[in-house]
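What follows is a short report on a single structure.
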Amino acid sequence: MKEYTDFAKSRRENTSAESFHKANLILIGGGSCSGKTTIALAIGRRLTGLKTVIISQDSYYKDLSYLPWQERTKVNFDHPDAIDIDFLLSDLKKMMAGKPVNVPAYDFVTHTRQEGNLCVANAEVIILEGIFALYYPELLQMSDLKIYLDSDADIRLARRLQRDILERGRSVESVLNQYLETVKPSHQAFIEPTKKNADIIIPGEKEFDKVLIMLNGYLQHELLSS
Ligand SMILES: Nc1ncnc2c1ncn2[C@@H]1O[C@H](COP(=O)(O)OP(=O)(O)O)[C@@H](O)[C@H]1O
Ligand SMILES: O=c1ccn([C@@H]2O[C@H](COP(=O)(O)O)[C@@H](O)[C@H]2O)c(=O)[nH]1
């Protein structure tokens with residue numbers, strides 16, 4: 001489960017649900033293990049004065065509980081059809097209108113989605129991170145800022161090997177097979193091309209300090225002065 005943080009006392013906490021202003025949506029796309037979650041959390045921590053929520057697009061993977069186990073493992077999770085985009089858009093629209101939403105929880109071991117325990121309400125800034133965050137046109141249209149994390153494929157694979165074995169119950173063999181069969185070709189076909197939809201492209205292998213100072217200045221100016 002990714003983090004929800006009420007980073008600061010809301011500047012609009014006395015505002016009634018009916019008169020709630022539209023929340024701002026920041027999209028963070030890029031390849032698997034490019035650093036999307038890391039920078040989302042860092043941006044969120046710096047957005048003082050705004051009630052910020054971080055949503056992982058991974059929470060909206062389609063629930064494969066209807067498939068036999070062997071069939072589930074053959075699914076291409078790096079194809080845009082693997083995401084339940086209608087469900088994600090519906091939840092995001094509610095969140096942006098200030099309405100309460102229970103974000104689902106996705107289990108990478110069983111490839112199933114359950115009811116989650118992350119409840120979002122009255123968010124002022126929504127940060128959505130995911131490999132397809134910059135893919136779907138309707139999502140792009142709803143957003144206020146689009147960021148792409150750009151990391152070399154070999155760095156991403158090294159990070160993914162470590163992460164998937166430690167956190168997602170995979171073996172070295174399964175990570176490498178999945179990478180060569182679906183992750184790498186789908187990255188080239190569907191994810192890398194979304195870079196052109198970004199407002200900012202951030203190198204995902206360096207320290208983010210300078211980028212965060214610049215982004216924070218921009219966001220504080222844009223969001224707090226609106
Ligand atoms: N700029 C960076 N420098 C070094 N390690 C990083 C950097 N960004 C992310 N990582 C590490 O890479 C791994 C994957 O990062 P994460 O943010 O979870 O990627 P994503 O959300 O894109 O899949 C994590 O272990 C994280 O600590
Ligand atoms: O059941 C699943 C669902 C997804 N994946 C992989 O997850 C990554 C996306 O997550 P990141 O946190 O951005 O890395 C994607 O590349 C899928 O291959 C999975 O393995 N199993």
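A few remarks follow.
- Packing around the peptides 73-82, 43-52, taken as the average count of other Cβ atoms within 10 Å per residue, puts them in this order, highest first: 43-52, 73-82.
- Region 110-216: GluC sites (Glu not before Pro) falling in loop per DSSP and having at most 11 other Cβ within 10 Å: 207
- Fraction of antiparallel bridges per DSSP, the chain only, in percent to nearest 5: 30 percent
- Rounded D (µm²/s) - the chain, Kirkwood Rh over Cα pairs, Stokes-Einstein at 10 °C, 1.306 mPa s: 88 µm²/s
- Calculated FRET value between residue 210 and residue 69, using beta carbons and R₀ = 30 Å, to 0.05: 0.05
- Computed from Cα positions, the angle between helix 85-96 and the longest principal axis of the chain comes to roughly 20 degrees.
- Region 81-120-region 55-72 distance, computed between alpha-carbon centres (Å): 12 Å
- With the alpha-carbon atoms of region 156-226 aligned to their principal axes, the span from lowest to highest coordinate is 50, 27, 21 Å, starting with the largest.
- Virtual paramagnetic centre 7 Å along Cα→Cβ of residue 76, amide N under 19 Å, in region 180-205: 180-195
Quick note: the coordinates plus some simple rules give every number you see, no bench work behind them. Just so you know, these numbers come straight off a predicted model, no measurement behind them. So basically every Cβ, Gly included, is an ideal-geometry build from the backbone, and we count neighbours across all protein chains shown.
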